[in-house]
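Chemist: Before I ask anything, here is the structure I am working with.
The values are calculated or read from the model by the stated rules, or taken from the named source; none is laboratory data. What you see is a predicted model, and the numbers here were worked out from it, not measured in a lab. FYI the Cβ positions are ideal-geometry reconstructions off the backbone, even for glycines, and counts take in every protein chain you see. Calculation scope for accessible area: heavy atoms of the full protein, side chains included, ligands and nucleic acids excluded. Shrake-Rupley method; radii C 1.70, N 1.55, O 1.52, S 1.80 Å.
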Protein chains: 2
Amino acid sequence: MSPLPAFPIGDLPVMWLRDNCPCTQCRDPRSGQKLFQIGSLPDGLRVAAVAAVDSAGAPAVEVTWDPDGHRSTYPQAWLEAHRPGGPEHRDRRTEAGKELWAARDLTGRMPTADWDEYLAEPALRARMLESVLRLGFMVLRGVPEREGQVLDVAETFGYVRETNYGKLFDVRVEPDPNNLAFTSVAITPHTDNPYRDPVPTLQLLHCLVNDADGGDSGLVDGFAAAALLRREDPEAFEVLTRTPVPFVFRDAGAELRADRPLIDTDPLGRVREVRFNNRSIGTLRLPADALEAFYAAYRTFAELLERSELRLDLRLVPGDCLVFDNTRLLHARTAFAKDGARHLQGCYADLDGLASTLAVLRRADTLEPLAQLFAGAGTTEYLGEPVSMAQHMLQAGARAEAAGAPPHLVAAALLHDVGHVEDDVVTGRELMSGNDNRHSHTGADALGRWFGPEVTEPVRLHVAAKRYLCAVEPGYHDRLSEASKYTLAVQGGVMTPAQADRFAALAGAADAVAVRRWDDEAKDPDAVTPPFEHFLPLLTALLRG
Amino acid sequence: MSPLPAFPIGDLPVMWLRDNCPCTQCRDPRSGQKLFQIGSLPDGLRVAAVAAVDSAGAPAVEVTWDPDGHRSTYPQAWLEAHRPGGPEHRDRRTEAGKELWAARDLTGRMPTADWDEYLAEPALRARMLESVLRLGFMVLRGVPEREGQVLDVAETFGYVRETNYGKLFDVRVEPDPNNLAFTSVAITPHTDNPYRDPVPTLQLLHCLVNDADGGDSGLVDGFAAAALLRREDPEAFEVLTRTPVPFVFRDAGAELRADRPLIDTDPLGRVREVRFNNRSIGTLRLPADALEAFYAAYRTFAELLERSELRLDLRLVPGDCLVFDNTRLLHARTAFAKDGARHLQGCYADLDGLASTLAVLRRADTLEPLAQLFAGAGTTEYLGEPVSMAQHMLQAGARAEAAGAPPHLVAAALLHDVGHVEDDVVTGRELMSGNDNRHSHTGADALGRWFGPEVTEPVRLHVAAKRYLCAVEPGYHDRLSEASKYTLAVQGGVMTPAQADRFAALAGAADAVAVRRWDDEAKDPDAVTPPFEHFLPLLTALLRG
């Protein structure tokens, strides 16, 4: 029994608390999606009773609800972390989740990486993607100078967004350009495709050739500029957030228009998009005084965006790929000689996919200790069986997967013996020398750091399942390996009929028996198994929220 | 000379007026993009002088600017249409540009079309796409029941948006679903992918099989529901527009989160997105009183969305493809027997591409009279030449195109003789009987309805160019067709040296000579030419804004 939390549960907003009930009636355990309608919760819902309980070994609070009698169990850690009035969520799409910068802030800390290392090292990849979210960009160096390669770069973190310029577009001087980008003139800091809604939220520019005099690139942090405008001229800031501006584009195949403010804020007033493109603003239709106010503010912001201290200059050389947040950073280029060779290839993608890729990469980081275990201590002998501990567990996981088992059981099979190797493999030897190391319990407890009971409980019960099967299934005992037969006695021996009945009545008995069978089968010295990394997506999906 | 407009130009907001200067120094004539920086316009800009002028035959106002002396010519029609204080632009992405509906409003006027007719008839296609913008959806019937066909439907109006569910997703009962969509349970009205930002703005659902008992579809106009909430409970409406809500999704390969209000408004307070998905709302972090206010408003809106009078019920049968605005319409489905066969394929796309396709289709409508001319009167004889008038003009256009001419000259070559067929082909016969029909002038004037001077002036001068070339180019006259030689005299004969000098000094002389040469070459009875429709994209791009 754990103590109740320090704050009274009864004071929490009832609908909010009930909407967050984690039970499997309220949420689909696979997808986490809610299974009830918010409108179908009873009127007059209230907390009838509160009790301190244990939930998978952690202190929790059980709430009984009036009038429907439903029970919800909230881990105390969750209640503490989500207590109303706690720190606000730092929405990463708004200025609250960014590091705003002027050019000199980035001296010596440009977010750059070598392409091959970016591909090879998940941790580096995560740092670079984090830079795109935090600073608004990254530069990858040494990206193969192949046509179309920029699409491969996009696929490392998301999905290409096709537009009227194609999946991929070439930035070079063209004979009959439909866009100034395809000429040699200078282009001041701007948002791309401002006339699209949704605007592409990421842009990639991959340099294939840059022999031109000029043609350098520049980046301006539009969020920093907007914040500066808010400080220096709050009225202009206000006008720009309140005035939808028509952005227009028209050529043979497309006719686009988006009416959006130059500075877009979220409902809490935080900057969340800057859309600035001097070239594409159409004709505003407003009363004369509103037009005057808008143009004054627009000019003030335009001048601010051209301050040299805001502009980070960089020259893309062949092999460089610049990836930037098109809702935040404005990009520019200097003019170049019309006959100078300069060729970039670009494409668009979206921030949501990039943020998702980053979150999934971070889950893999979380599982690093398990990966180490499979690569290190787990590769040594396993209780005198003809396979290593790691081979044994990988086989068990692979067999569960091949049998079409749900992810939590594949995970349980894959990880059922981590209790043997929790520190090193010695605990396994201890078992063989006649002392029960209670590895199913230590394993389940260790796994509780990452996974919920749907994974930990079959692990906890997989030794008991052997004792159970020996009691109820003729022939089962005889099929066990010699080592398994030996440890049976150390682990408590064949269950009595009463013990077997109690075991069979447990909610998790069937899962534990299933894991046990894959365990028993997974001792083939010739079996080819996938590496631990194969299971990472499945494991990461099961990580506790 | 035309009169000045009824309102004083000097009272117009100067920066706004100057920013809209249409001259070729201020705007790229090809792309329409602005060539100056808003910040580089001089401080203290003012109108120094105003004069009434003619611009390509239409009344216009010429403004001379202080202090830089720049001159801008604004057609009076443009000034009248864009006069400040005129009607506000009805942004088609907000409720201002929609027809809000309850189910019964659509009785007898469901936006449905047969797939083959939709493909064959541009006007029908335009009406259907207009329905998606105005009502929020369309249903295409008889779409081939092939896997992957839904992607072809999307490509008729835009680009597929790939997500973590793939380019294409299957909606059917799955053994280990990561989303309730892939089960047989009922799903209440919701937005898809609310945890994406940008959210996919269009969804397509193509029915391949629906033998299940149940599994019917429902649509609710979220904008109409939001407007209803604003009337019935303005405070709840306010709360829902002001509260960012976390929408979350998590599975093996993705971890998505978007913080957006359930009802999003533009800076003028107009509803522009409804994002409602009961299943995917994560844990809100707000002070307790804000949580209570939010949950009360959320429940009120949820209940409102389930009112039967708002819900349009429809059953998708094999071959049906439903296309709807995912930022506005909420979609639902009834439960069905788990073993009932039901299989939809879906994909996402975006509204901006659809609106662009519609705008370009409408341009083609605009050009319908020209298409009729090429199909009708133009197919009859041409001045005794061995080709029809239409063949002659198509040949001229094709030759200009093959020569790599810029679009305005391809258009001028293609349309240079429309003056002969303006009403019917009789004017051509008149010319051959010795009366100059001045077809170059009547043609140029007629084309002025659609095109600017870059197209109309080479047409106007193409007869003069013949008289000019006869004067200055040895051998030119001899190469002319007999008919052309005959009409030369009727049209004024070979230019005198003084006339030729004046002609050569005209700004459009070179373009007119180029068109003339394609004209002279375009009399080959065996030439194979593309149809008029081939030139539609090029022509539509040249249409006056």
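Chemist: Go through (1) small (Gly, Ala, Ser); (2) more than 30 Å from A:Val47 (Cα to Cα); (3) more than 14 Å from chain B (Cβ to nearest Cβ); (4) open to solvent by 10 Å² or more (accessible area, probe 1.4 Å) one by one and return the number of the condition A:Gly69 breaks.
Modeler: Checking A:Gly69 against (1) small (Gly, Ala, Ser); (2) more than 30 Å from A:Val47 (Cα to Cα); (3) more than 14 Å from chain B (Cβ to nearest Cβ); (4) open to solvent by 10 Å² or more (accessible area, probe 1.4 Å), the one that fails is (2).
Chemist: For residues that are under 24 Å from B:Asp313 (Cα atoms) and either part of a helix (DSSP H, G or I) or at pLDDT 95 or above (or both), tally how many sit in segment B:103-123.
Modeler: Number of matching residues: 11.
Chemist: Looking only at segment B:246-264, which residues are of a type outside the set (Lys, Arg) and over 34 Å from the mean Cα position of the chain (by Cα)?
Modeler: B:Pro246, B:Val248, B:Phe249, B:Asp251, B:Ala252, B:Gly253, B:Ala254, B:Glu255
Chemist: Which numbered condition in (1) surrounded by 15 or more Cβ atoms within 10 Å (Cβ to Cβ); (2) outside any helix (DSSP H, G or I) is the only one that A:Val528 fails?
Modeler: Of everything listed in (1) surrounded by 15 or more Cβ atoms within 10 Å (Cβ to Cβ); (2) outside any helix (DSSP H, G or I), A:Val528 misses just condition (1).
Chemist: Answer yes or no as to whether B:Pro189 is under 30 Å from B:Ala96 (Cβ atoms) and touching a Phe, Trp or Tyr at 6+ places or on another chain (Cβ under 8 Å).
Modeler: Taking the combined requirement at face value, the residue satisfies it.
Chemist: Next question. Which residue is nearest to A:Ala227 (Cα to Cα), if the candidates are limited to segment A:285-301 and must be in contact (Cβ under 8 Å) with a residue 40 or more places away in the chain and open to solvent by 10 Å² or more (accessible area, probe 1.4 Å)?
Modeler: Among residues in segment A:285-301 that are in contact (Cβ under 8 Å) with a residue 40 or more places away in the chain and open to solvent by 10 Å² or more (accessible area, probe 1.4 Å), the one nearest to A:Ala227 (Cα to Cα) is A:Thr300.
Chemist: Residues of segment A:15-35 being facing chain B (nearest Cβ under 8 Å) and either without any contact (Cβ under 8 Å) to a residue 24 or more places away in the chain or open to solvent by 20 Å² or more (accessible area, probe 1.4 Å) (or both), which ones?
Modeler: Residues satisfying the conditions are A:Met15, A:Asp19, A:Asp28, A:Arg30, A:Ser31, A:Gly32, A:Gln33, A:Lys34, A:Leu35.
Chemist: Restricting attention to segment A:135-182, which residues are among the aromatic types (Phe, Trp, Tyr) and either within 21 Å of the chain's Cα centre (by Cα) or closer than 20 Å to B:Asp350 by Cβ (or both)?
Modeler: A:Phe137, A:Phe157, A:Tyr159, A:Tyr165, A:Phe169, listed by residue number.
Chemist: Another question, if that's okay. Six or more apart or on different chains, Cβ under 7 Å: which pairs go from a residue in segment A:139-154 that's touching a residue at least 12 places away in the same chain (Cβ under 8 Å) and open to solvent by 10 Å² or more (accessible area, probe 1.4 Å) to one that's part of a loop (DSSP other than H, G, I, E, B) and among the basic types (Lys, Arg)? Could you list them?
Modeler: If the second residue must be part of a loop (DSSP other than H, G, I, E, B) and among the basic types (Lys, Arg), the pairs left are A:Leu151/A:Lys167.
Chemist: Return only the number of the condition from (1) of a type in the set (D, E, K, R); (2) without any contact (Cβ under 8 Å) to a residue 24 or more places away in the chain; (3) crowded, with 23+ Cβ neighbours inside 10 Å that B:Asp417 does not satisfy.
Modeler: The number of the failed condition is (2).
Chemist: Tell me, which residue of segment A:82-113 that is under 25 Å from the mean Cα position of the chain (by Cα), open to solvent by 50 Å² or more (accessible area, probe 1.4 Å) and within 14 Å of chain B (Cβ to nearest Cβ) is farthest from A:Gly218 (Cα to Cα)?
Modeler: A:Arg83
Chemist: Does segment B:239-298 hold any residues that are closer than 19 Å to A:Pro87 by Cβ and assigned to a strand (DSSP E or B), and which are they?
Modeler: Selection gives B:Val245, B:Pro246, B:Val248, B:Arg257, B:Asp259.
Chemist: If you don't mind, another one. Every residue in segment B:254-264 that is open to solvent by 10 Å² or more (accessible area, probe 1.4 Å) and either facing chain A (nearest Cβ under 7 Å) or of a type in the set (Lys, Arg) (or both), please.
Modeler: Scanning segment B:254-264 gives B:Glu255, B:Arg257, B:Asp259, B:Arg260.
Chemist: Something else about it: For B:Ala483, indicate whether it is away from chain A (no Cβ under 14 Å), at negative phi and small (Gly, Ala, Ser).
Modeler: yes
Chemist: If B:Asp251 passes every condition in (1) within 14 Å of chain A (Cβ to nearest Cβ); (2) surrounded by 19 or more Cβ atoms within 10 Å (Cβ to Cβ); (3) in contact with a strand residue (DSSP E or B) (Cβ under 9 Å, 6 or more places away or on another chain); (4) modelled with pLDDT under 95 but one, which one does it miss?
Modeler: Exception for B:Asp251: condition (3).
Chemist: Within the bounds of segment B:292-299, is there any residue that is within 12 Å of chain A (Cβ to nearest Cβ) and closer than 22 Å to B:Phe137 by Cβ?
Modeler: For segment B:292-299, residues within 12 Å of chain A (Cβ to nearest Cβ) and closer than 22 Å to B:Phe137 by Cβ: absent.
Chemist: Now for a different question. Could you list all residues from segment A:265-284 that are open to solvent by 20 Å² or more (accessible area, probe 1.4 Å) and more than 25 Å from the chain's Cα centre (by Cα)?
Modeler: Listed by number, the residues that qualify are A:Gly269, A:Arg279, A:Thr283.
Chemist: Could you tell me which of the residues B:Leu12, B:Leu45, B:Leu41 is over 22 Å from A:Thr188 (Cβ atoms), within 11 Å of chain A (Cβ to nearest Cβ) and among the aliphatic types (A, V, I, L, M)?
Modeler: Answer to the selection: B:Leu12.
Chemist: Still on this model: Residues being within 8 Å of chain A (Cβ to nearest Cβ) and closer than 21 Å to B:His89 by Cα: count how many of those fall in segment B:265-288.
Modeler: Qualifying residue count, segment B:265-288: 3.
Chemist: Now, a different point. Against the definition (modelled with pLDDT of 95 or more, within 30 Å of B:Ala411 (Cα to Cα), under 35 Å from the mean Cα position of the chain (by Cα) and open to solvent by 10 Å² or more (accessible area, probe 1.4 Å)), how does A:Arg242 come out, yes or no?
Modeler: No: the conditions fail for A:Arg242.
Chemist: Then there's this: Kindly evaluate B:Leu100 against the criterion of being in contact (Cβ under 8 Å) with a residue 12 or more places away in the chain, under 30 Å from B:Arg272 (Cα atoms) and in a loop (DSSP other than H, G, I, E, B).
Modeler: Yes.
Chemist: Sticking with this structure for a sec: Can you report the number of residues in segment B:159-181 which are facing chain A (nearest Cβ under 9 Å), open to solvent by less than 60 Å² (accessible area, probe 1.4 Å) and not charged (D, E, K, R)?
Modeler: The number of residues fulfilling the criteria is 7.
Chemist: Now, a different point. For segment A:487-508, how many residues meet the condition of being modelled with pLDDT under 90, open to solvent by less than 60 Å² (accessible area, probe 1.4 Å) and either part of a loop (DSSP other than H, G, I, E, B) or small (Gly, Ala, Ser) (or both)?
Modeler: Counting residues in segment A:487-508 that are modelled with pLDDT under 90, open to solvent by less than 60 Å² (accessible area, probe 1.4 Å) and either part of a loop (DSSP other than H, G, I, E, B) or small (Gly, Ala, Ser) (or both) gives 3.
Chemist: Answer yes if at least one residue in segment A:204-214 is at the interface with another protein chain (Cβ under 9 Å from one of its Cβ atoms) and of a type in the set (A, V, I, L, M), and no otherwise.
Modeler: So far as segment A:204-214 goes, no, none of its residues is at the interface with another protein chain (Cβ under 9 Å from one of its Cβ atoms) and of a type in the set (A, V, I, L, M).
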